[in-house]
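For reference, the structure is listed below as structure tokens.
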Amino acid sequence: MEVVNPATGERIDTYEEAGDEAVERTLADAHAAFGAWRERPLAEREELIEAAAEVLRDGKREYAELMTREMGKPVAQAESEVEKCAWVCDHYAEHAHAYLEADHHPSPPGTAVKTVHEPLGVVLAVMPWNFPFWQVFRFLAPYLTAGNVGVLKHASNVPGCAEAIEDVLRQAGYPEGVFQSLLAPSDLVDDIVADDRVRAATLTGSGPAGRAVASAAGDQLKKTVLELGGSDPFVVLDDADLADAAETGAWARNLNGGQSCIAAKRFVVHTAVYDDFLDAFVDEVESLAVGDPMDEDTEVGPQARQDLLEALHEQVEASVEAGATVVTGGDPIEREGAYYPPTVLTDVPAGCPADTEELFGPVAAVYEVDGEAAAVERANDTEFGLGASVWTEDRERGERVARRIDAGCVYVNQLTKSDPRVPFGGVKQSGYGRELSEAGMTEFVNRKTVWIE
Ligand code: NDP
């Protein structure tokens, strides 16, 4: 596995890819570790995840720079990502007891009926490069604390992050085998999923990757959680605070180089405020600082890989050919590295890539709609259903519109974000199942009924 720094195009590291033997050793170690791990008192597993939070905080700069080198995330955003990972660890250290001991049903008279939450065993996590620490901690904090053991197949362009995460847990004091990174190519994943020792799988990534893992797991009747792409609408109604919407919208589209499943991608704007919003939004987008991701002041770095930049540009070119107008940006930046400028498209015709596909980079599609009903219709006119954002000064109207949008989460007067305290996940082609909060912690447990007369 070769790691290329996307800011420079230079090869910076080489890792040995795992083959069949390494897969066998990893699964055997994971399986062996499960027996003792599930018997550890929950309080001890909570202490260990709290210790992981401390290791993360102590190594914040080092982990942030590693992410930046491997996938180009601006280093200030990478530091925030490490802090957020520590937060999700804190969250489960504090709440795991309550989540796992929650019993939401009455006992019939004369009985004691309990739901106990028991771990399933080895869970495979197939994870992407865009938030190379967060996506993994979002998985491991609840599931390891619930008593499962984890095997991570991370994206092939961030092997250093995968190994660093394994090391965070080692430093925190986790026993051998409870969490392992397996630097395996994706063509070994089907066999790993099919292995008897693997009890469930979770994947965050593209639709094709999700379908591949879900098919392999379905064939063996194993549970999956899938967090796939999105084409999130950002709805600006006629009574919105336009300055706030424009500033937050520009950030929601462009943070992490636009490479986020819950980034705002389609801006659906009421005709009464369309011109004013577009002017303010383009000003905000053009003011973003694009540059070296190691520079503290950089807001938009390079795309994570050259091939991803090329795929994005093809989507933009096809959309323009179909009739879309480029208001700003629209061509790769001529400099060393995989840089694409923050771009705004208008007049986006139905059926072109900017309209129907996920644009995983800093490209916004802006639509003009004639009223609230048309905004809802446009927002829902997508095969995806991950997140959405609605802007209005009227909170009741905001809730009414939010309830009519087909998505896993809708934020009113805020950008869509994940938060350890609330469920996260999608509907339609954005996947199924939930991560984070109590809902996320109980996806991969046996909710066992114990009935005592
Ligand atoms: P992928 O979905 O291909 O990669 C995500 C993870 O899935 C990686 O670990 C990858 O491994 C693995 N994977 C890929 N194909 C398979 C397969 N057939 N079976 C099992 N595992 C597989 O994303 P890309 O990096 O190729 O990015 C392409 C597009 O995916 C993006 O442009 C974006 O639209 C979407 N994406 C969405 C993300 C999200 O957060 N929802 C995150 C990343 C990408 P390997 O790296 O070894 O191929």
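Key figures
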{"read-out": "Candidates GLU21, GLU16, filtered to the one that is among the charged types (D, E, K, R), over 21 Å from ASP307 (Cα atoms) and not in a helix (DSSP H, G or I)", "value": "GLU16"}
{"read-out": "Segment 193-214, subset open to solvent by 30 Å² or more (accessible area, probe 1.4 Å) and either within 11 Å of the ligand (Cβ to nearest atom) or in a strand (DSSP E or B) (or both), residue nearest to MET441 (Cα to Cα)", "value": "ARG199"}
{"read-out": "LYS73 vs. criteria touching a residue at least 40 places away in the same chain (Cβ under 8 Å) and surrounded by 22 or more Cβ atoms within 10 Å (Cβ to Cβ)", "value": "yes"}
{"read-out": "Segment 312-336: number of residues that are touching a residue at least 24 places away in the same chain (Cβ under 8 Å) and surrounded by 15 or more Cβ atoms within 10 Å (Cβ to Cβ)", "value": "12"}
{"read-out": "Residue list for segment 1-40, restricted to those being exposed (fewer than 15 other Cβ atoms within 10 Å of the Cβ), in contact with a strand residue (DSSP E or B) (Cβ under 9 Å, 6 or more places away or on another chain) and not hydrophobic (A, V, I, L, M, F, W, C)", "value": "GLU2, GLU10, ARG11, ASP13, THR14, TYR15"}
{"read-out": "Residues of segment 137-157 that turn out to be within 12 Å of the ligand (Cβ to nearest atom), within 19 Å of VAL23 (Cβ to Cβ) and touching a residue at least 40 places away in the same chain (Cβ under 8 Å), as a count", "value": "2"}
{"read-out": "Residue tally, condition buried (at least 24 other Cβ atoms within 10 Å of the Cβ), of a type outside the set (Val, Ile, Thr) and away from the ligand (no atom under 15 Å from the Cβ), over segment 217-239", "value": "2"}
{"read-out": "ASP190 within 14 Å of the ligand (Cβ to nearest atom), open to solvent by 50 Å² or more (accessible area, probe 1.4 Å), farther than 20 Å from PRO6 by Cβ and not aromatic (Phe, Trp, Tyr)", "value": "yes"}
{"read-out": "Test: residue in segment 339-347 that is more than 26 Å from the chain's Cα centre (by Cα) and more than 16 Å from the ligand (Cβ to nearest atom)", "value": "yes"}
{"read-out": "Yes/no for THR392 being in contact with a Leu (Cβ under 9 Å, 6 or more places away or on another chain), at pLDDT 95 or above, open to solvent by less than 10 Å² (accessible area, probe 1.4 Å) and of a type in the set (Val, Ile, Thr)", "value": "yes"}
{"read-out": "Filter result for VAL290 (away from the ligand (no atom under 16 Å from the Cβ), closer than 18 Å to VAL348 by Cβ and under 27 Å from the mean Cα position of the chain (by Cα))", "value": "no"}
{"read-out": "Residue selected from segment 89-134 under the condition within 16 Å of the ligand (Cβ to nearest atom) and not in a strand (DSSP E or B), by the criterion surrounded by the fewest Cβ atoms within 10 Å (Cβ to Cβ)", "value": "TRP134"}
{"read-out": "Tally of residues being within 16 Å of the ligand (Cβ to nearest atom) and farther than 15 Å from ALA209 by Cβ across segment 165-184", "value": "6"}
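For (1) assigned to a helix (DSSP H, G or I); (2) out of contact with any Ser or Thr (no Cβ under 8 Å at 6 or more places or on another chain); (3) more than 23 Å from GLY249 (Cα to Cα), each residue gets a yes or a no:
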| residue | (1), (2), (3) |
| --- | --- |
| ARG403 | yes, yes, no |
| VAL410 | no, no, no |
| LEU415 | no, no, no |
| ASP419 | no, yes, no |
| GLU438 | yes, yes, yes |
| LYS448 | no, no, yes |
| TRP451 | no, no, yes |
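Here is a yes/no grid of residues against (1) assigned to a helix (DSSP H, G or I); (2) surrounded by 23 or more Cβ atoms within 10 Å (Cβ to Cβ):
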{"residue": "THR248", "(1), (2)": "yes, no"}
{"residue": "TRP251", "(1), (2)": "yes, no"}
{"residue": "VAL269", "(1), (2)": "no, yes"}
{"residue": "PHE281", "(1), (2)": "yes, yes"}
{"residue": "LEU288", "(1), (2)": "no, no"}
{"residue": "PRO293", "(1), (2)": "no, yes"}
{"residue": "LEU309", "(1), (2)": "yes, no"}
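Conditions (1) away from the ligand (no atom under 16 Å from the Cβ); (2) among the charged types (D, E, K, R), marked per residue:
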site	(1), (2)
ALA252	no, no
VAL273	yes, no
GLU296	yes, yes
SER319	no, no
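The values are calculated or read from the model by the stated rules, or taken from the named source; none is laboratory data. Note that the structure is predicted; figures quoted are calculated from it, not measured. Cβ atoms come from the backbone with ideal geometry, glycine included; neighbour counts cover every protein chain shown. These area figures cover heavy atoms from the full protein model, side chains too; ligands, DNA and RNA do not enter into them. Shrake-Rupley method; radii C 1.70, N 1.55, O 1.52, S 1.80 Å.
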